[in-house]
Amino acid sequence: MQILKWLMFGTAALAVLVLVAAQLGAFSGQLPGNMGARDGRLRPPSKTPNSVSSQADLWAQHPMQDYARIAPLALKGSGPATMAQIKRIVEALPGAKVVESRGDYLYVQFTTRWMKFVDDAEFWFDPVHAVVQVRSASRLGRKDFGVNRARIEAIRQALAGSGG
C-alpha cells in the first residue's frame, strides 16, 4: 500500500513539474528561420506529419508532400482585402498572436493553453495565381494530430462565410 501511495505521489508531482515547465516555455520550440515568401514560395512542409502547405506540390520529392497538401484560400475581393479579413479571423482564434502583418503577408503564432506548444502559420497573397497560399506547422513533435489542417480549414470556412 505504501508503494502505491508513493507511486501516486510521484505521478502527481511529475504532472505538476511538466505543467510548470510548459508554462515556462519548455515546449514552445524555436522560431523557424527564413519565414515569408521568397521567389513565390513559402517554406516547404515539415519532414514529419505535422504541417500543411498549399504549395506542397512545389516540392516534388518531399516525403510529406501528400500529407501536407491543402488547397490555398480563395480571395474575398482583392488580395489585400482578403489578407485583412484573414487577420481579423485569426485574431479571434484562441492562442493567436500576429507577429507580422503586411498587405500581402501574415505570420501568426498559435500557442496552446496548457502545454504552450507553438504552431507557426503563414498566409501569403499570391498575385500570379490570385489565391492566398498557406503554410502551418508545429515547431515540436513528429505529429500534430491534424491540428494545423483543422485550423486552416476553420479559417477557410470563416473566410467563406465573411461579408468580404
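Bear in mind that the values in this text are calculations on the coordinates, not laboratory data. Being a predicted model, the structure only gives us computed values, none of them experimental. Please note: Cβ atoms are built from the backbone with ideal geometry, for glycine as well, and neighbour counts cover all protein chains shown.
Observations on the structure shown:
- Proximal lysine pairs, the chain, alpha carbons under 23 Å, eight or more residues apart or interchain: 9
- In a simple Cβ point-charge model (Lys, Arg +1; Asp, Glu -1; nothing else charged), region 40-161 has a dipole of about 320 debye relative to its Cα centre.
- Modelled FRET efficiency - R0 25 Å, S162 with L58, Cβ distances, 0.05 increments: 0.35
- Here the simple spin-label model places points 7 Å from the Cα toward Cβ, and for T112 and R41 these points are separated by 3.0 nm.
- Rg ratio for region 40-161: its Cα radius of gyration over 2.2 N^0.38 Å, N being its residue count, equals 0.99.
- Beta bridges per DSSP with both ends in the chain, % antiparallel, nearest 5: 95 percent
- Charge tally in the Cβ shell below 13 Å around H62, where Lys, Arg are +1 and Asp, Glu are -1, H62 excluded: +3
- Take each peptide in 90-97, 101-108, count the other Cβ atoms within 10 Å of every residue, and average; sorted highest first, the result is 101-108, 90-97.
- Local charge for A160 was computed over the other residues whose Cβ lies under 11 Å away, with Lys and Arg +1 and Asp and Glu -1, and equals +1.
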